[in-house]
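> Provided herewith is a single structure, encoded as structure tokens, for subsequent inquiry.
Just so it is clear, none of the values below were taken in a lab; they were calculated from the coordinates. What you see is a predicted model, and the numbers here were worked out from it, not measured in a lab. Methodologically, a virtual Cβ is constructed for each residue, glycine included, from the backbone with ideal geometry; neighbour enumeration extends over all protein chains shown.
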């Protein structure tokens, strides 16, 4: 091969490689509001999978040990900063905090994918939890954040169970039921579910989230995809 031909070949190869990198979609950035057991567990799984995660709480300085342990892909700050940062924003706060966060962040979250992992417990959250359970937690939560692309998921499993069963080897992966009315948002959350080491199973629209809210037939049950689909009779 002549020097000119070699140069042309290398130029084309570099161009094609650059095009492939340009076409590869970057991983969505994740903001997690509430960095307790659930938020911390999910954030750790996603950072380990290569995602950049912004953790938030009312006292972000208390998150320094968590962020330091996860390295450069993790950072911490306020709920507003997490909402602004994330392409996907995770609500991992006590359910009773959602109305206030709705007033503060609804405008910022409009059009964004929001994954709601908060569970309503009347003994802790009071009347708002009773209303959510009666209406259906998926529908009730979404009404507090108009315009957000709302998905319910991960709330049916305890944080300790998620940490123990992610990326199971030698067994079929644990299934995570998801519910939402926006297909694109569900697809995004399904990808994050797989990245965290689980099998996503879409059970229906937001109304179907009642199946895996507290008191629902799927709540706190660790199932495979086949077992989950059998449980909802499909």
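> How large is the helix-only mean residue ellipticity at 222 nm for the chain, computed as the sum of -39500 (n - 2.57) over DSSP H runs with n ≥ 4, divided by its residue count, in deg cm²/dmol to the nearest 500?
So the calculated ellipticity at 222 nm is -13000 deg cm²/dmol.
> Given the options 36, 180, 215, which has the most mean-square fluctuation in a GNM of the chain, springs set between C-alpha atoms less than 10 angstrom apart?
215
> Between rounded, prolate and oblate, where does the chain land on the alpha carbon gyration tensor, with a ≥ b ≥ c its root eigenvalues, rounded for a/c under 1.5, else prolate if a/b exceeds b/c? Let's see the in-between values first.
Numbers: a/c = 2.02, a/b = 1.61, b/c = 1.25.
In terms of gyration-tensor shape, prolate.
> Another one. Please build a GNM for the chain, connecting alpha carbons under 10 Å apart, and tell me which residue among 48, 155, 119 fluctuates the most.
Comparing 48, 155, 119 in a Gaussian network model of the chain, the most mobile one is 48.
> Same structure, new question: Nearest 10 degrees is fine. How inclined is helix 183-195 to the longest principal axis of the chain, computing both from alpha carbons?
Result, in degrees: 80.
> A further question follows. Fully extended, how many nm does the chain gain between residue 158 and residue 103 (0.36 nm per residue separation, minus their Cα-Cα distance)?
Here the answer is 17.0 nm.
> On to the next question. In nm, to one decimal, how far is the modelled label at residue 29 from the one at residue 134, with both set 7 Å along Cα→Cβ?
4.1
> Tell me whether segment 160-234 comes out rounded, prolate or oblate; compute the Cα gyration tensor, take square roots of the eigenvalues as a ≥ b ≥ c, and use a/c under 1.5 as the rounded threshold. Don't skip to the answer; put the middle values down first.
Details: a/c = 1.73, a/b = 1.22, b/c = 1.42.
Verdict is oblate for segment 160-234.
> Same structure, new question: Using a ≥ b ≥ c from the Cα gyration tensor of segment 112-188 (square roots of the eigenvalues), is it rounded, prolate or oblate, where a/c under 1.5 gives rounded and otherwise the larger of a/b and b/c decides, a/b for prolate?
Taking the square roots of the gyration eigenvalues as a ≥ b ≥ c, segment 112-188 is oblate.
> If one computes the Cα centroid of segment 75-103 and of segment 189-230, what distance in Å separates the two points?
22
> I've got another one for you. With both partners inside the chain, how many of the DSSP beta bridges are antiparallel, as a percent to the nearest 5?
On the way: 3 of 28 bridges.
Taking every DSSP beta bridge with both residues in the chain, the antiparallel ones total about 10 percent.
> Choose one answer from 139, 32, 128: the residue with the largest mean-square fluctuation in a GNM of the chain with alpha-carbon springs under 10 Å.
Largest GNM mean-square fluctuation: 128.
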